[in-house]
Amino acid sequence: MKTRLGCLSNKSDSCSDFSEFLPPAQERSTRYLKLSTDEVTRWADSFDTLLSNKYGLAAFRTFLKSEFSDENIEFWLACEDYKKIKSPAKMMSKANKIYKEFIEVHAPREVNIDHRTREETKQRLLDPTPNSLNEVQAKVYSLMEKDSYHRFIRSKIYQDLLNRTQIYCQRKSV
């Protein structure tokens, strides 16, 4: 039993776990050309800044996976996609999929929301509109912003990425 649980007790905050975010070694210099130290530093300015940057979002997703809480960002992204849907039929289909995957009690990737919000969302999704998921999305966003985001900024993943871009930029300027 101890051996089985041993893999869960190890924090996956090391650079090796971050390797899925980093490109293969031969492509790394190209990626770093696209990612400046200033850009990585700005991610610490606000959660919105982090999420609006494709590399910041990828790094944050990797971090959440390492903490086994990536359902939050996946739900938030699914809601962002949902808002773009124009067709009522597609909206209904996507709403049902999101509900079954993230909101329903015992859903495979259930997000942490209170009973009232879950029930109100369920009712709103009976006749979905582009705004049907706004309240629950805002709650999950707030949870990530107040909790996960601050841990991410202090994490080895973020600090290593910041250090790597600084080293790359120093080498480039020499």
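A few remarks follow.
- Odd one out for Ser132, checked against (1) modelled with pLDDT of 95 or more; (2) in a helix (DSSP H, G or I): (2)
- All conditions but one from (1) surrounded by 11 or more Cβ atoms within 10 Å (Cβ to Cβ); (2) part of a loop (DSSP other than H, G, I, E, B) apply to Ile153; the one that does not is (2).
- Tyr99 touching a residue at least 40 places away in the same chain (Cβ under 8 Å) and either of a type in the set (A, V, I, L, M, F, W, C) or crowded, with 18+ Cβ neighbours inside 10 Å (or both): no
- Which listed residue is in a helix (DSSP H, G or I), open to solvent by less than 80 Å² (accessible area, probe 1.4 Å), under 30 Å from Leu35 (Cα atoms) and without any contact (Cβ under 8 Å) to a residue 40 or more places away in the chain, from Asp160, Asp147: Asp147
- Residue match in region 104-123 (condition: open to solvent by 90 Å² or more (accessible area, probe 1.4 Å) and on the phi > 0 side of the Ramachandran plot): yes
- Screening Asp160 with (1) at pLDDT 95 or above; (2) touching a Cys at 6+ places or on another chain (Cβ under 7 Å) gives one miss only, at (1).
- Pairs meeting the criteria (first residue in region 115-144 and free of Cβ contacts under 8 Å to residues at least 24 places away in the same chain, second residue in a loop (DSSP other than H, G, I, E, B) and among the aromatic types (Phe, Trp, Tyr), beta carbons under 6 Å, at least 6 apart or on different chains) are lacking.
- Single unsatisfied condition, Val174 versus (1) modelled with pLDDT under 95; (2) under 25 Å from Phe60 (Cβ atoms); (3) of a type in the set (Val, Ile, Thr): (2)
- Residue in region 104-116 that is in a helix (DSSP H, G or I) and touching a helix residue (DSSP H, G or I) at 6+ places or on another chain (Cβ under 9 Å) present: no
- Those residues of region 34-86 which are open to solvent by less than 60 Å² (accessible area, probe 1.4 Å), polar (S, T, N, Q) and assigned to a helix (DSSP H, G or I), in sequence order: Thr37, Thr49, Thr62, Ser66, Asn72
The values are calculated or read from the model by the stated rules, or taken from the named source; none is laboratory data. Owing to the predicted nature of the structure, the values given are computational and were not obtained by experimental measurement. Cβ coordinates were reconstructed from backbone atoms using ideal geometry, including for glycine residues, and neighbour counts include every protein chain displayed. The accessibility values were calculated without ligands, DNA or RNA, using every heavy atom of the protein model including side chains. Shrake-Rupley method; radii C 1.70, N 1.55, O 1.52, S 1.80 Å.
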